[in-house]
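The values are calculated or read from the model by the stated rules, or taken from the named source; none is laboratory data. It should be emphasised that the depicted structure is a prediction, and the values quoted were computed from it without experimental measurement. Note that each Cβ is placed from the backbone with ideal geometry, even for glycine, and that neighbours are counted across all protein chains shown.
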Amino acid sequence: MNVTVLTVDDSRAMRDMLRHSLVAAGFRVIQAEDGLHGLEVLASESPDVIVTDINMPRMDGFGFIQAVRSDAARRATPVLVLTTEVDVEKKNRAREAGATGWIVKPFDPEKLVDAIRRVAA
Amino acid sequence: MEDPLAAIKVTFFQECEEQLAELESGLLAMESNVADSETVNAVFRAVHSMKGGAGIFAMDALVRFAHIFETSLDKVRSGVLSATPPVVAVFLRAADLLADLVRAAREDSAVDEARIAALGVEFERIDHLDGAPEAAHVVPASECSAGDGGGQSGGVSTWNIVFTPDQALYAKANETALLLRELHRLGEVEVELDESGLPELQDMDPEGAYLTWRVTLRGECGEEDIRDVFEFVQEDCHLEISKAEPYGFDPGTVITGDNGFKFEFFAPIVEEPEEEDRKAEVKSEANVQAAVERPDPAAPAAAGAPPPQSKTVQAIAAKTEAASSVGATIRVDLDRVDRMIDLVGELVINEAMLSQRVLEAGIARSSGVAMALEELENLTREIQDSVMAIRAQPVRSVFQRMPRLVREVAAMTGKQVRLVTEGEATEVDKTVIERIADPLTHMIRNAIDHGLESTDRRIAEGKPAEGTVRLTALHRSGRIVLEVSDDGGGINRPRVRQKAIERGLISPDAQLTDEEVDNLIFLPGFSTAEQLSDISGRGVGMDVVRQSIQALGGRISISSRPGKGSTFSLSLPLTLAVLDGMVVSVQGHTLIIPLGVIVETLKPRREDVFPLDGDLNVLKLRGGYVPIVDVALCLGYGAQHSDPAQSVALLVEGEGGARAVLLVDAIHGQKQVVIKSLEANYRAVRGIAAATVMGDGRVALILDVDAMVQNTATDARRDLAESRQLEASAGER
Amino acid sequence: MMDKPETMPEEHELIAFRVGRQEFCINVMMVREIRGWTEATTLPKAPRYVKGVINLRGSVLPIIDLAVRLGMPGKAPTERNVIIVVQVLQRQVGILVDAVSDILMADKSAIQPLPDVTSDHAKRFLKGLLAMDGRMVSLIELDGILPEEDLEAA
């Protein structure tokens, strides 16, 4: 079983880090640079889990999650929010938008993989 | 084997550079009141993103300071704090410190804790400035540690879990089956489905949630472990966890101790803030020492209530709109682009070779072959231009570094300075950009330190107290022109002249035009330690600036008006990958001379050549004498002096304004050539700057004119001084 | 330095070529391509064994006259000469030889040390001898084939 994870993050370093950690854990990784790009990727890919950042240019994580949840074909895809926020408000907004769960940065690869495993069918 | 983490680190630092630039330009926009909300967002994101990346690599100081900075920026973003000039001033200083912290992290050098602390105080001050209600509340790590997780005493326990998902749980793509699977990992699980809440089929909402799960879990786990399983869904379900033990208490039981201590067994609805604090403590071990600012006390109260929907929707709409105006870009390895440039260079050569063959074969110009070939030629040129354009970048990245420099130099000199930049979007090859930063830095320092008068003096002369330094970039006839101008006092010509005489650069009675006097400052040996201040000093004079510009195939010039200011103007090629050259031949060897150094071509007469000192000949030129460089002799292509009368002479100007006449056999015209490195497969060769490939497929060498001029027999500097004196004395007659 | 076990697997393929009356060989892994002689552009004040540079698909390739480099008399190259393009450390270098003569499979144990009488100059570039069907083939070391940087300063 090869689980595909879409990561959406505007930071190259973070994308590289995500890819590095996830590939090492045996996931197939596809990446997008912001919410809009994420939606573009979703037009042709069906990831099992999406991991997204909140603060991004063009379309932020909230907008991206809302868009995923309002797409009939994608609405059942678990979305994990990546955030350095310890701020409750951000997390709640992400939840309101439809986030399945969250990962607090800086994450360690084990926690990241564990969170994905928990929501991946 | 490259360490992937090391590679990510490299990426992180590259990204930091970009984000620091973004941060600075955003803050400057805020400073001049032209910032919109997206600018503030971008500024926030830049700091936030650096913090996130720094967290990966446990760069504690950086994370800590970025957090303080970000918190303040977030207040501006949410309108709690307004970006008044004093606030933005602190932000700018914070951006400078952040840049230094990034550098410290990269170089693994010491962090200036005192500066961090000082800025921390300033951040607190601006919070008060704006009458913000709460000061940054520092919570010691020990205080925000989690309480006893509840029964995590080890050993096997039995837990009763009652779990009723809400519809929202499914809407967020969570799955009961997955949660049960997770529970199963904690120990032995018995699941009982309570379907008493299930309505009649006709009343059922297909997306509704009606089921309750009763789970008995036996395992070596505590309540925390179970709560962790439900971490993501706790808001979207009803969850009860209780320890199935004989002495257990039902939820709601209250125990009151002798001393008035009261303990109530809650129905296990976890309070969000507690959970959050615990997380902050557990998950960010890297910054436990960091000042963890408590979330706004208002936030937990508002947590349950959905944020005003309209606001979110508006924000998304705005973002999407912004997105359409941003052109799509891709990042490409420079190596790939360079490889492509090489290949296109090859294509150009091949195309030229083909044309030559077609010509040799005697095919008529009007034939289909020749016409197709012409089309190919046009196409090839177009491809070459397009490929070169890929490497082109706006000079913005260099310009963005200057405001900080200006602030620093202004502070050091006690002058008031306004920096005006124009033409930031002007594009030039990436390699050129990398190499103009230092000369520009020096010129701007110089403009503030030497160009602008002191504030008092300016006021006394009726000028505005604030001096203006202007940095502009523009394209002019296939080159980029950069100008640094100031509205200061202009070059003090009598003093410059006096200094040049003292240094033996000109004879005391030399007749020089204003322009010639101004240009004396570029002579090697003009700037000396004595007149170098801390700021423009650093042991570097304008001669070094000129040298580095000329090394790029550029020229520097100055114009100055007393009392009005000076303008330094740099003209540079748009790329270092191609060069405009003069094709010449020497003893049957084809050579390229960079067009930029050639002042004029001459046909020397034998009677104008005079032996000067040993091997050195000079050419009498308009009353002056210029040393002659016999290229064939210099490169060892010939053993005898060439006959000047049989040669073509090129008057060239090298480093530091040193002039010489190069003797070659013949000139074959001008050509744009693709520069190829000799060092890549061989090594540097004295007198040769690089190589190129000609239309016939052969390699031709590009002359290093500076080395040639210096090579001229004995000491080039002395020659220069002598010839200048000759020139001066000749001028007298 | 004479024999580097790590660069010499048990059995390896060698390319043999003639220079004057002698036969030499190098590990085939070093060879990028073999091409005919083309006129090189002379480099100013280069050592005599540097024939100059040629254009190899857009990069500038120095050509070393191996005969001269090994202290033999050189002669003007003709179209029959061969350039072996080799990878030496980070650089690509063209080696001018008379002809490619053979592809050999050699066992590491077949490589014999140089006799004591060998001159220091030869020792600098040779790292062993191979006896093949009555021929003697010298295994050549190319690391020091280019002029050293410090010659530039001299």
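Every residue, every condition in (1) modelled with pLDDT of 80 or more; (2) surrounded by 12 or more Cβ atoms within 10 Å (Cβ to Cβ), yes or no:
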{"residue": "C:117", "(1), (2)": "no, no"}
{"residue": "C:122", "(1), (2)": "no, yes"}
{"residue": "C:125", "(1), (2)": "yes, yes"}
{"residue": "C:128", "(1), (2)": "yes, yes"}
{"residue": "C:134", "(1), (2)": "no, no"}
{"residue": "C:137", "(1), (2)": "yes, yes"}
{"residue": "C:141", "(1), (2)": "yes, yes"}
{"residue": "C:148", "(1), (2)": "no, no"}
{"residue": "C:151", "(1), (2)": "no, yes"}
### Message
Would you confirm whether or not the range A:5-12 contains a residue that is in a helix (DSSP H, G or I), at the interface with chain B (Cβ under 7 Å from one of its Cβ atoms) and touching a residue at least 24 places away in the same chain (Cβ under 8 Å)?
### Response
no
### Query
Just checking, which of B:646, B:710, B:670 is at pLDDT below 80 and not assigned by TED's automatic domain parsing to the domain that holds residue B:547?
B:710
### Query
Restricted to the range C:89-104, and to residues that are under 10 Å from the mean Cα position of the chain (by Cα) and among the aliphatic types (A, V, I, L, M), which residue is nearest to the other protein chains (Cβ to nearest Cβ)?
C:93
### Query
Just a yes or no: is a residue in the range B:103-119 at pLDDT 85 or above, within 19 Å of residue B:19 (Cβ to Cβ) and touching a His at 6+ places or on another chain (Cβ under 9 Å)?
no
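Please find, among B:112, B:127, the residue that is of a type in the set (Asp, Glu) and buried (at least 18 other Cβ atoms within 10 Å of the Cβ).
Working: B:112 fails: buried (at least 18 other Cβ atoms within 10 Å of the Cβ).
Only one candidate qualifies: B:127.
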### Task
Please name all residue pairs, on different chains or six or more residues apart, with Cβ atoms under 6 Å, provided the first residue is in the range B:548-563 and is under 16 Å from residue B:484 (Cα atoms) and the second residue is surrounded by fewer than 17 Cβ atoms within 10 Å (Cβ to Cβ).
B:557/B:569
### Task
For the range C:34-69, name all the residues that are assigned to a strand (DSSP E or B), surrounded by fewer than 20 Cβ atoms within 10 Å (Cβ to Cβ) and more than 12 Å from chain B (Cβ to nearest Cβ).
C:34, C:35, C:36
### Query
Does the range B:554-570 include one or more residues that are modelled with pLDDT of 85 or more, assigned by TED's automatic domain parsing to the domain that holds residue B:431, surrounded by fewer than 18 Cβ atoms within 10 Å (Cβ to Cβ) and closer than 20 Å to residue B:398 by Cα?
yes
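Select from the range B:179-201 the residues that are assigned to a loop (DSSP other than H, G, I, E, B) and in contact (Cβ under 8 Å) with a residue 24 or more places away in the chain and write down the one among them that is surrounded by the most Cβ atoms within 10 Å (Cβ to Cβ).
Keep residues of the range B:179-201 that are assigned to a loop (DSSP other than H, G, I, E, B), which gives B:187, B:195-200.
Now restrict to residues that are in contact (Cβ under 8 Å) with a residue 24 or more places away in the chain: B:187, B:197.
Details: B:187: 18, B:197: 11.
Per the stated criteria, the residue is B:187.
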### Query
Does the range C:96-114 hold any residues that are in a strand (DSSP E or B) and touching a residue at least 60 places away in the same chain (Cβ under 8 Å), and which are they?
C:97, C:99, C:100, C:101, C:102, C:103, C:104, C:105, C:106, C:107, C:111
### Message
Take residue B:370 and tell me if it is touching a helix residue (DSSP H, G or I) at 6+ places or on another chain (Cβ under 8 Å) and surrounded by 12 or more Cβ atoms within 10 Å (Cβ to Cβ).
### Response
yes
### Message
The conditions are (1) modelled with pLDDT of 55 or more; (2) within 14 Å of chain A (Cβ to nearest Cβ), and residue B:344 fails exactly one of them. Which is it?
### Response
(2)
### Message
Quick check on my filter: what residues within the range A:62-121 are within 14 Å of residue A:25 (Cβ to Cβ) and small (Gly, Ala, Ser)?
### Response
A:115, A:120
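Is it fair to say residue A:52 is surrounded by fewer than 23 Cβ atoms within 10 Å (Cβ to Cβ), of a type in the set (Ser, Thr, Tyr) and within 19 Å of residue A:117 (Cβ to Cβ)? So that I can check it myself, show each step before the final result.
Details: surrounded by fewer than 23 Cβ atoms within 10 Å (Cβ to Cβ): no; of a type in the set (Ser, Thr, Tyr): yes; within 19 Å of residue A:117 (Cβ to Cβ): yes.
So residue A:52 fails the test.
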### Query
modelled with pLDDT of 85 or more, surrounded by 15 or more Cβ atoms within 10 Å (Cβ to Cβ) and in contact with a His (Cβ under 7 Å, 6 or more places away or on another chain) - does that describe any residue in the range B:614-635?
yes
### Query
What pairs come up if the first residue lies in the range B:23-36 and is in contact (Cβ under 8 Å) with a residue 60 or more places away in the chain, the second is of a type in the set (S, T, N, Q), and their beta carbons are under 8 Å apart, counting only those six or more places apart or on different chains?
B:24/B:400; B:25/B:400; B:30/B:39
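For (1) within 12 Å of another protein chain (Cβ to nearest Cβ); (2) at pLDDT 85 or above; (3) on the phi < 0 side of the Ramachandran plot; (4) in a helix (DSSP H, G or I), each residue gets a yes or a no:
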site: B:16; (1), (2), (3), (4): yes, yes, yes, yes
site: B:20; (1), (2), (3), (4): no, yes, yes, yes
site: B:30; (1), (2), (3), (4): no, yes, yes, yes
site: B:35; (1), (2), (3), (4): no, no, yes, no
site: B:44; (1), (2), (3), (4): yes, yes, yes, yes
site: B:52; (1), (2), (3), (4): yes, no, yes, yes
site: B:58; (1), (2), (3), (4): yes, no, no, no
site: B:63; (1), (2), (3), (4): yes, yes, yes, yes
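Is one or more of the residues making up the range B:321-334 in contact with a Leu (Cβ under 7 Å, 6 or more places away or on another chain), in a helix (DSSP H, G or I) and at pLDDT below 55? Please lay out each step first, then the result.
Of the residues in the range B:321-334, the ones in contact with a Leu (Cβ under 7 Å, 6 or more places away or on another chain) are B:323.
Okay, now just the ones that are also in a helix (DSSP H, G or I), so B:323.
Filter again for at pLDDT below 55, leaving B:323.
So far as the range B:321-334 goes, yes, one or more of its residues are in contact with a Leu (Cβ under 7 Å, 6 or more places away or on another chain), in a helix (DSSP H, G or I) and at pLDDT below 55.
Out of B:408, B:427, B:453, I need the residue that is at pLDDT below 90, out of contact with any strand residue (DSSP E or B) (no Cβ under 6 Å at 6 or more places or on another chain) and assigned by TED's automatic domain parsing to the domain that holds residue B:555. Which one? Lay out the reasoning, then the answer.
Numbers: B:427 fails: out of contact with any strand residue (DSSP E or B) (no Cβ under 6 Å at 6 or more places or on another chain); B:453 fails: at pLDDT below 90.
Within the list B:408, B:427, B:453, the selection yields B:408.
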### Task
Find the strands (runs of 3 or more DSSP E) located wholly in the range B:531-650 whose residues include 2 or more that are hydroxyl-bearing (Ser, Thr, Tyr), and list them.
B:555-561, B:565-573
### Query
Can you tell me which residue in the range C:18-33 is surrounded by the most Cβ atoms within 10 Å (Cβ to Cβ), limited to those that are at pLDDT 90 or above and in contact with an Asp or Glu (Cβ under 7 Å, 6 or more places away or on another chain)?
C:19
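Answer with yes or no whether residue B:217 is aliphatic (A, V, I, L, M), in a strand (DSSP E or B) and either surrounded by 14 or more Cβ atoms within 10 Å (Cβ to Cβ) or in contact with a strand residue (DSSP E or B) (Cβ under 7 Å, 6 or more places away or on another chain) (or both). Steps first, please.
Values: aliphatic (A, V, I, L, M): yes; in a strand (DSSP E or B): yes; either surrounded by 14 or more Cβ atoms within 10 Å (Cβ to Cβ) or in contact with a strand residue (DSSP E or B) (Cβ under 7 Å, 6 or more places away or on another chain) (or both): yes.
It is true that residue B:217 is aliphatic (A, V, I, L, M), in a strand (DSSP E or B) and either surrounded by 14 or more Cβ atoms within 10 Å (Cβ to Cβ) or in contact with a strand residue (DSSP E or B) (Cβ under 7 Å, 6 or more places away or on another chain) (or both).
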### Task
Please work out which one of (1) over 30 Å from residue B:693 (Cβ atoms); (2) under 16 Å from the mean Cα position of the chain (by Cα); (3) surrounded by 12 or more Cβ atoms within 10 Å (Cβ to Cβ) is the condition residue C:111 fails and give its number.
(2)
#### Entry: Evaluation of residue C:107 against (1) within 14 Å of chain B (Cβ to nearest Cβ); (2) at pLDDT below 90 (one fails), failing number
(1)
